[in-house]
Amino acid sequence: MDVLEEAIRLEKQGRDIVHLEVGEPDFPTPDIVVDAGIRALREGHTRYTHSLGHPKLREAVASFYRKTYGVDVSSSRVIVTVGSSGAMLLAFATLLDPGTEVLMSDPHYACYPNFVSSFGALPVQIRIHEEDGFLLDAEAVRKRVGPQTRALVLNSPANPTGTRVMSAAETIPSQHPIVPSQAGRADNLRIIRVRVRN
Ligand SMILES: Cc1ncc(COP(=O)(O)O)c(C=O)c1O
């Protein structure tokens, strides 16, 4: 964000800046979205909703996951947050205690180490390489899993590399001891998959 703020400052001085810092769509918000937002406000949808998110939206999210990924997740398990950062902070708040560890790729989305540190936990970074398609290497992950490990962040499409992880098994083979094949959790390890839809 510091780089963005400096870029905006230079733009105000008339400099022509190519933005490579934040991940934002390079097109205006489509009219259909703008119109729906304005209509909702005019119709008086300006009050608190259910604390976990509007029930219809949660049902729509569950239905999207069913149709798109074949994942049968009940809408009661869907929580709507203001952006991905809110979701990640809630997930980390649930999982982490001081001194615990979260594995993540290096490079990673810039805010994740700060999110983890804010709960007194430690970000453990695992170097990824272009020649491996910027995918995490199972052996490298295994070496970093210890008694304090609480989560592995799989970001897809990844920021900043753009790499897509289609399944946990693609990164960590199912026969691997730390992750059972049918679920994204082991005794002391949760996998946090992050999909950011811009
Ligand atoms: C991987 C990742 N996580 C979180 C965020 C932050 O998203 P939000 O602005 O929705 O909080 C971004 C934004 O680009 C991202 O790429």
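Checking TYR69 against (1) in the same structural domain as SER156 (by TED's automatic domain parsing); (2) modelled with pLDDT under 95, which test does it fail?
With (1) in the same structural domain as SER156 (by TED's automatic domain parsing); (2) modelled with pLDDT under 95 applied to TYR69, the lone miss is (1).
Among the listed residues GLU131, GLU101, identify the single one that is under 30 Å from LEU52 (Cα atoms) and away from the ligand (no atom under 16 Å from the Cβ).
Just one listed residue meets the conditions, GLU101.
Is one or more of the residues making up the stretch 86-100 assigned to a strand (DSSP E or B) and not small (Gly, Ala, Ser)?
no
Give me the pairs: first residue in the stretch 142-163 and within 29 Å of GLU21 (Cα to Cα), second residue of a type in the set (Phe, Trp, Tyr) and more than 11 Å from the ligand (Cβ to nearest atom), beta-carbon distance under 7 Å, and six or more apart or on different chains, which are they?
Going by the 7 Å Cβ cut-off, the qualifying pairs are ALA158/PHE134; THR161/PHE134; THR163/PHE134.
Please go through the stretch 84-98 and pick out each residue that is among the hydrophobic types (A, V, I, L, M, F, W, C), more than 14 Å from the ligand (Cβ to nearest atom) and surrounded by fewer than 17 Cβ atoms within 10 Å (Cβ to Cβ).
ALA93
Would you confirm, using the coordinates I've provided, whether GLY70 is closer than 28 Å to THR161 by Cβ and without any contact (Cβ under 8 Å) to a residue 24 or more places away in the chain?
Yes.
On the given criteria, is ALA121 outside the structural domain of VAL3 (by TED's automatic domain parsing), surrounded by 14 or more Cβ atoms within 10 Å (Cβ to Cβ), touching a residue at least 24 places away in the same chain (Cβ under 8 Å) and more than 14 Å from the ligand (Cβ to nearest atom)?
yes
If you check ALA40 against the conditions, is it within 16 Å of the ligand (Cβ to nearest atom), surrounded by 10 or more Cβ atoms within 10 Å (Cβ to Cβ) and over 19 Å from ALA87 (Cα atoms)?
For ALA40, the condition - within 16 Å of the ligand (Cβ to nearest atom), surrounded by 10 or more Cβ atoms within 10 Å (Cβ to Cβ) and over 19 Å from ALA87 (Cα atoms) - is not met.
The values are calculated or read from the model by the stated rules, or taken from the named source; none is laboratory data. These figures come from a predicted structure and were not determined experimentally. In this analysis, Cβ positions are derived from the backbone assuming ideal geometry, glycine residues included, and neighbour counts consider all displayed protein chains.
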